[in-house]
């Protein structure tokens, strides 16, 4: 196989990580809404944790992006 | 495509400086860092110049930033964290300033380069490790032995804990760098869609409205991310510092 084609396929495969991140993000916001609708007065207290969890999970998606970039431009 | 979306991250030398064979050229990245530090200093000292009992608008903003970070340190590290508050506040304001100034078109995002964020993360990692060893001596190693774990599991748990400790600077720096890189890249890619759609004629103009609207939305999201990443970096520094202060968890 040509190297360029292999690189493109590899970079595409690296984005499979987004499946897990999608599940994770949906879980975070779904759980937050679940809890917030049950007990709206407690929602503002966990909003900071929500954003922290969102940022930490989103970072995993970006690690996949970095791997894709390494495959495309560095290797 | 005339312009690559990666073009915005190019580093251009402004004034070549060479100290004993070490390339210390003043680049657009260094210029941006100087501007960030100057603006943050101006913001803080200018706001507190009068330091009135009843704060004005500017002073309120400065106090808000101060109390935000002070509350974060107090909540996560406790009262022993007070001596380290200036460091965490500096870190937070620098990253926030760099992220926000990078949002201005034609400016340069300092934090979109891994070497910059890795330097920040390495300072945090080394500092926290030294603080832990100075405060607790070899007792700091208790951090790697979770309390209450059965003895036969320890050969498995300790290497995992050590490994997760050693990857902290990498995850801390890559998180900030990748967030800024991905956000700016995405905006440039959609800006490219607007240009190429606009060049195909009148039908393209109507099509170009969609990426344009998306780019406006992305700008808002990126400002949120700029703040969020500075917050995450600072709060993780607090959590690591707390680990160093109270290693036996």
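The values are calculated or read from the model by the stated rules, or taken from the named source; none is laboratory data. What you are looking at is a predicted structure, and each value in this text was computed from that prediction instead of being measured. Note: ideal-geometry Cβ built from the backbone for every residue, glycine included; neighbour counts use all protein chains shown.
Here are a few things to note about the model shown:
- Residue match in the range B:39-47 (condition: out of contact with any strand residue (DSSP E or B) (no Cβ under 8 Å at 6 or more places or on another chain) and within 21 Å of residue B:124 (Cα to Cα)): yes
- Residue among B:170, B:194, B:216 that alone is at pLDDT 90 or above and either under 30 Å from residue B:97 (Cα atoms) or within 14 Å of chain A (Cβ to nearest Cβ) (or both): B:216
- Count - residues of the range B:219-243 that are more than 14 Å from chain A (Cβ to nearest Cβ), surrounded by fewer than 21 Cβ atoms within 10 Å (Cβ to Cβ) and closer than 29 Å to residue B:78 by Cβ: 2
- Among the residues of this structure, residue A:35 counts as one that is away from every other protein chain (no Cβ under 11 Å), assigned to a helix (DSSP H, G or I) and touching a helix residue (DSSP H, G or I) at 6+ places or on another chain (Cβ under 9 Å).
- Taken together, B:68, B:26 contain a single residue that is touching a strand residue (DSSP E or B) at 6+ places or on another chain (Cβ under 7 Å) and either surrounded by 11 or more Cβ atoms within 10 Å (Cβ to Cβ) or farther than 30 Å from residue B:245 by Cα (or both), which is B:26.
- Members of the range B:113-160 found to be assigned to a loop (DSSP other than H, G, I, E, B) and closer than 30 Å to residue B:31 by Cβ, listed by number: B:113
- Scanning the range B:41-64 finds no residues that are closer than 20 Å to residue B:176 by Cα, in a helix (DSSP H, G or I) and touching a helix residue (DSSP H, G or I) at 6+ places or on another chain (Cβ under 9 Å).
- Any hit, the range B:73-86, residues being without any contact (Cβ under 8 Å) to a residue 40 or more places away in the chain and under 22 Å from residue B:223 (Cα atoms): no
- Residue check: residue A:25 meets all listed conditions (1) more than 12 Å from chain B (Cβ to nearest Cβ); (2) in a helix (DSSP H, G or I); (3) over 21 Å from residue B:224 (Cα atoms) but one, namely (3).
- Residue within the range B:90-112 that is assigned to a helix (DSSP H, G or I) and exposed (fewer than 15 other Cβ atoms within 10 Å of the Cβ) present: yes
- Only one of A:18, A:72, A:56 that is within 16 Å of residue B:182 (Cα to Cα), more than 18 Å from the chain's Cα centre (by Cα), surrounded by fewer than 17 Cβ atoms within 10 Å (Cβ to Cβ) and within 14 Å of chain B (Cβ to nearest Cβ): A:72
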